[in-house]
1. Can we say residue 220 is more than 22 Å from residue 279 (Cβ to Cβ), part of a loop (DSSP other than H, G, I, E, B) and modelled with pLDDT under 95?
2. Looking at the structure I just gave you, is residue 230 at pLDDT below 95, outside the structural domain of residue 64 (by TED's automatic domain parsing) and in a helix (DSSP H, G or I)?
3. Inspect the range 116-132 for any residue being farther than 30 Å from residue 205 by Cα and more than 11 Å from the ligand (Cβ to nearest atom) and give the result as yes or no.
4. Count, please, the residues in the range 1-12 that happen to be within 16 Å of the ligand (Cβ to nearest atom) and closer than 21 Å to residue 79 by Cα.
5. With 100, 105, 160, 96 as the choices, which residue is within 13 Å of the ligand (Cβ to nearest atom) and either over 14 Å from the mean Cα position of the chain (by Cα) or surrounded by fewer than 22 Cβ atoms within 10 Å (Cβ to Cβ) (or both)?
6. Out of all the residues in the range 237-282, which are within 26 Å of residue 296 (Cα to Cα) and buried (at least 17 other Cβ atoms within 10 Å of the Cβ)?
7. Output yes when any residue across the range 60-74 is under 16 Å from the mean Cα position of the chain (by Cα), in a helix (DSSP H, G or I), closer than 27 Å to residue 189 by Cβ and within 12 Å of the ligand (Cβ to nearest atom), and no when none is.
8. Within the range 182-196, is there a residue that is more than 27 Å from residue 17 (Cα to Cα) and either over 19 Å from the mean Cα position of the chain (by Cα) or part of a helix (DSSP H, G or I) (or both)?
Ligand SMILES: Cc1cc2nc3c(=O)[nH]c(=O)nc-3n(C[C@H](O)[C@H](O)[C@H](O)COP(=O)(O)O)c2cc1C
């Protein structure tokens, strides 16, 4: 009997969808796998490219995983999938709002209950805190995380602080002013087929039943240690400011624009001052506490590892 695999995802510009298409090609052509794709359709309008205000206005709710429900969908035998692949992108160091809407829905609790899950993240390069929240959301559905794949931008961290917002706010992702193109390169996307091949093999040997990772040794996750502390500080600041901004009104309301404007100025100051400083500091700390840092990195990269 073929194994039933469900792929739940949301993709705005189509980047994550391209990643999943390349990665899952081996599952599509495998007779032993029945693949069901579930693209999430938000009931809110997340127009792409984003306007300046809509972009930043999404942050308080993203951080608090407080999303309006997605459009309804139908699934045959929702409680009987053998494996669920959850494809998502971080928004403000948290799972994107459409994915949060899915993960906090009653249907997700039925679909994910006691099921093995592989998360697939396609992002700029800051995903650690988002995956921490995702792990909590999965635990609240009694799901079992067996693997995690992370694909991120190839451009440098500071470069992508310019190129990704430019892409999100204008739709332009080409190289400009000596900076690399935004997003994940086509070559990296193509090579992600290796994960699909490993999933086909893993399913054939019932690894999902044993709770064993299928993607170990394939370079599924590689933590950039420079981001660990920056993300932690960033998420804490998002939580504090997000709570404050939410006191001024709902997402989209004019009443919260002044405080949001102040926050954006604060955020830009933080990015140009604290982030580079912290990254430099981190490389010193890493050298001093190598053993401890290696353990932290390993735990973030689990369960797939490198
Ligand atoms: C509102 C918003 C916030 C984002 N925040 C992050 C982030 O915190 N970390 C990150 O690595 N990428 C971030 N990104 C980039 C996305 O993770 C993703 O790479 C991009 O939106 C393209 O994905 P998609 O078109 O497949 O939806 C953000 C994008 C948006 C629109």
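The values are calculated or read from the model by the stated rules, or taken from the named source; none is laboratory data. The structure presented is a predicted model; accordingly, all values stated were derived computationally and were not measured. Don't worry about glycine lacking a Cβ; one is built from the backbone with ideal geometry, like all the others, and counts go over all protein chains shown.
1. For residue 220, the condition - more than 22 Å from residue 279 (Cβ to Cβ), part of a loop (DSSP other than H, G, I, E, B) and modelled with pLDDT under 95 - is not met.
2. Yes: the conditions hold for residue 230.
3. No, every residue in the range 116-132 fails to be farther than 30 Å from residue 205 by Cα and more than 11 Å from the ligand (Cβ to nearest atom).
4. 4
5. None of the other options fit; the residue is 160.
6. 237, 238, 275, 278, 279, 282 - these are the residues of the range 237-282 that are within 26 Å of residue 296 (Cα to Cα) and buried (at least 17 other Cβ atoms within 10 Å of the Cβ).
7. Taking every residue of the range 60-74 in turn, at least one turns out to be under 16 Å from the mean Cα position of the chain (by Cα), in a helix (DSSP H, G or I), closer than 27 Å to residue 189 by Cβ and within 12 Å of the ligand (Cβ to nearest atom).
8. No: the range 182-196 contains no residue that is more than 27 Å from residue 17 (Cα to Cα) and either over 19 Å from the mean Cα position of the chain (by Cα) or part of a helix (DSSP H, G or I) (or both).
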